[in-house]
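A.B. asks: Next up is a structure, given as structure tokens.
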Amino acid sequence: YALSQRRSPVDSAFSGAVDMLVDAIAQSVEADAANFGSMSQRVTLTGGTALLNGFKSRLQQRRGIPVSTGRPWADIERSRRNAAFFKDGKIDPRFLVVLSCATGLALWKERS
């Protein structure tokens with residue numbers, strides 16, 4: 001292997017974790033299709049895991065459907081209290097991904 005082709009142990013571990021997550025999500029989508037009779041037409045990733053390098057493209061390749069990153073509150077007005085979440089005058093996209101996970105949890109309702 002050339003130096004540029006070698007992967008660090010950390011890169012290898014993350015790659016393995018991404019593969020496991022892709023498999024788990026794909027199996028969940030397939031199980032839903034079996035249970036409800038229709039396949040999901042899109043997957044939206046949220047939370048910090050959505051930022052893992054290669055995660056979105058691997059899932060899209062595995063499932064063959066569009067995969068996007070959720071971005072709630074994409075238009076946040078800057079204030080003194082949230083200035084740390086801005087980078088070069090724009091909202092840091094990593095912050096938006098973390099907020100999307102919090103939003104989902106806040107809106108979650110248990111089945112009655």
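A.B. asks: Looking only at the range 32-88, which residues are within 23 Å of V18 (Cβ to Cβ), β-branched (V, I, T) and either open to solvent by 90 Å² or more (accessible area, probe 1.4 Å) or in a loop (DSSP other than H, G, I, E, B) (or both)?
C.D. replies: Scanning the range 32-88 gives T46, I65.
A.B. asks: Can I ask one more? Being charged (D, E, K, R), modelled with pLDDT under 80 and open to solvent by 90 Å² or more (accessible area, probe 1.4 Å), is that true of even one residue in the range 6-18? Write out each step before concluding.
C.D. replies: Pass one, the range 6-18, residues charged (D, E, K, R): 6-7, 11.
With modelled with pLDDT under 80 added as a condition, the list becomes 6-7, 11.
Among the residues that remain, those that are also open to solvent by 90 Å² or more (accessible area, probe 1.4 Å) are: 6-7.
Taking every residue of the range 6-18 in turn, at least one turns out to be charged (D, E, K, R), modelled with pLDDT under 80 and open to solvent by 90 Å² or more (accessible area, probe 1.4 Å).
A.B. asks: Here's another thing I want to ask about it. Name the residues in the range 18-48 that are closer than 29 Å to F95 by Cβ and over 13 Å from the mean Cα position of the chain (by Cα), would you?
C.D. replies: Across the range 18-48, the qualifying residues are D19, M20, D23, A24, A26, S28, V29, S40, Q41.
The values are calculated or read from the model by the stated rules, or taken from the named source; none is laboratory data. No experiment lies behind these values; they were computed from the predicted model shown. Cβ: placed from backbone, ideal geometry, glycine included. Neighbour counts: every protein chain shown. Note: accessible area is taken over every heavy atom of the protein model, side chains too, but ligands, DNA and RNA are not part of it. Shrake-Rupley method; radii C 1.70, N 1.55, O 1.52, S 1.80 Å.
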